[in-house]
Amino acid sequence: MSIGEINRLRKKFILVSTLSFVLVMFLMGGLIYGFVLGNIRAEVRDIMEVIIQNGGELPEIRNIDKNDNRAQSSGVDREDPGHSGQHEKEDQGEFVFDMRSLEEQMKWGLSDFFNGDSVFSSPDFVYTTRYFSVIFDESGAVKDVKISHTASASEEQAEYYARIALSRFIRFGSFGSYYYQVAHTDDGGVIVVYLDRTSQTALTMRLFFSVLIFIGIGSAAVFFIMKQLSYRIIRPEIENAERQKQFITNASHELKTPLAVIRANTEMMEMISGESEWTQSNLRQVSRMEGLIQNLVMIARSQEQENNRDSFSQIDISVPVRESAQAFDSMASSQGKTLDIDVEDGIVIRAEDSRIRQLVSLLTDNAVKYCDDNGRITVSLNREKKNAVLRVSNPYAGGSAEECKRFFERFYRSDASHNTDKGGYGIGLSLAEGLTRQMGGVITAEYSDGIIAFVCRFKGADPVT
């Protein structure tokens, strides 16, 4: 794996890690927000049910003495016989609040956090709850309007909003910072209650935006942390890639000397004793080793240039593509094959002339070598939308669509025996892929109806002006 590939893998790792964190945080934030909103709505429904049960108003505050379970109105003696009627109402099911003392309220615990009825435990609950209610009779006429617990709505406004609630299909919902509920009364009428939850709505919005802010800050922190940690993680791999590249370069130079000596000695033997089958075999193998060394050096140089795009500029690639392909015309003709060149003029992309020529040479050379006998090789360059498309195709009866997936593997040969008759090393297409990627393009292999085509697509193709 080259240094460029390692860095690309590192960037993908950072991106995936950051996105995973963001998704998890959004999930957790959404669950928290939903939990809080659900508790608020449950509390609102409980309060509105109490208001509806008591004819559109909250009931009078009463304390319950837990020792004798008798209700005591504020400031009234429990033993006063004049208030026995109130006790009878309690016995008949009148709604009363079980108010906790101040000391009990100070002993707030986790169980109260999950207790939806905790709002009724505050002595100030009735005085701090703002609401209004409108009661309609069976004919839909307004029977009563109760606005004593709000200063933000007149009777006309209360009636107006009540009729809006009646026109809605949903019987419980929100209207701005108010919640409303529609219910039927015992006498066949309808009651509409509006409860002001401005503070709770503001709380949920603050919670919502706080979650977004914290997710943003956390995502930025995770991004920079992962950026630093990932560099530490991949540094050994980068060092290994550097050593591998250095080894290829050094080994290539070291191998050149013994190969030169073998070639010189073999040629001397031919001068002294004449050519033979063995000397010719030696020279062929030496030539093959020299070609392999040259390709290894090209791989090392390609890796060095992978992230170096300083020499790139907007160039007309039509000329180098045409000239590079024409150089193989005589080679194709000598093998009984035909080379067709179809290049559209004036296609400009950001690239480098030498790399374009090398790419076209690699693909055309591969096409000539592996083209079927008497076949037709086609090299074309044209503009498709905003892309420049270079296509090199040839007949290849022994191919398959499945095999195309492996053509860009380094040292891969379609011939499992690695027969050297065609002189290939299984490196050219890998180099072509690297060159295409360096210039911001994508190369693919396509096989259909006995024709194999290597297609390079480059973004940002503009005509020469």
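The values are calculated or read from the model by the stated rules, or taken from the named source; none is laboratory data. Just so we're clear, the structure is a prediction, and the values are computed from it rather than from any experiment. Virtual Cβ from ideal backbone geometry, glycine too; neighbours counted across all protein chains shown.
Brief remarks follow.
- Every pair of residues 6+ apart whose Cβ atoms lie under 8 Å, when the first sits in the range 442-457 and is outside the structural domain of I349 (by TED's automatic domain parsing) while the second is polar (S, T, N, Q): none
- Checking S354 against (1) out of contact with any strand residue (DSSP E or B) (no Cβ under 8 Å at 6 or more places or on another chain); (2) crowded, with 20+ Cβ neighbours inside 10 Å; (3) more than 23 Å from Y447 (Cα to Cα), the condition it does not meet: (2)
- Within the range 9-24, restricting attention to residues that are of a type in the set (A, V, I, L, M, F, W, C) and under 16 Å from I238 (Cα atoms), the residue that is farthest from the chain's Cα centre (by Cα) is L9.
- Considering residues of the range 338-351 that are under 20 Å from G428 (Cβ atoms) and crowded, with 21+ Cβ neighbours inside 10 Å only, the residue nearest to the chain's Cα centre (by Cα): A351
- Looking only at residues of the range 100-157 that are of a type in the set (A, V, I, L, M) and at pLDDT below 85, we find that the one that is nearest to the chain's Cα centre (by Cα) is L110.
- All positions within the range 175-214 that are surrounded by 18 or more Cβ atoms within 10 Å (Cβ to Cβ) and of a type in the set (V, I, T): V182, V190, I191, V192, V193
- Residue selected from the range 251-280 under the condition surrounded by 13 or more Cβ atoms within 10 Å (Cβ to Cβ) and of a type in the set (V, I, T), by the criterion nearest to L9 (Cα to Cα): I262
- Test: residue in the range 313-330 that is under 15 Å from G428 (Cβ atoms) and modelled with pLDDT under 90: no
- Index of the failed condition, Y178 passing every other in (1) farther than 17 Å from G55 by Cβ; (2) touching a residue at least 24 places away in the same chain (Cβ under 8 Å): (2)
- Residues of the range 281-306 classified as surrounded by 13 or more Cβ atoms within 10 Å (Cβ to Cβ) and either at pLDDT below 65 or of a type outside the set (A, V, I, L, M, F, W, C) (or both), total: 14
- Considering residues of the range 5-63 that are in contact with a Gly (Cβ under 7 Å, 6 or more places away or on another chain) and within 30 Å of T129 (Cβ to Cβ) only, the residue surrounded by the most Cβ atoms within 10 Å (Cβ to Cβ): E43
- Residue satisfying all of: in the range 142-170; among the hydrophobic types (A, V, I, L, M, F, W, C) and more than 23 Å from Q53 (Cβ to Cβ); surrounded by the most Cβ atoms within 10 Å (Cβ to Cβ) among these: I164
- Qualifying position, being outside the structural domain of L19 (by TED's automatic domain parsing) and assigned to a loop (DSSP other than H, G, I, E, B), among E275, E267: E275
The rows are residues; the columns are (1) loosely packed, with under 12 Cβ neighbours inside 10 Å; (2) at pLDDT 85 or above.
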{"position": "G216", "(1), (2)": "no, yes"}
{"position": "A220", "(1), (2)": "yes, yes"}
{"position": "E237", "(1), (2)": "no, no"}
{"position": "T249", "(1), (2)": "no, no"}
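- Subset of the range 361-384 [in contact with a Pro (Cβ under 7 Å, 6 or more places away or on another chain) and not charged (D, E, K, R)]: C371, G375
- The range 194-210 residues that are more than 22 Å from A162 (Cα to Cα), paired with ones that are of a type in the set (A, V, I, L, M, F, W, C) (beta carbon under 9 Å, 6 or more apart): L203/V36; L203/I40; T204/V36; T204/L37; T204/I40; L207/I32; L207/V36; L207/L37
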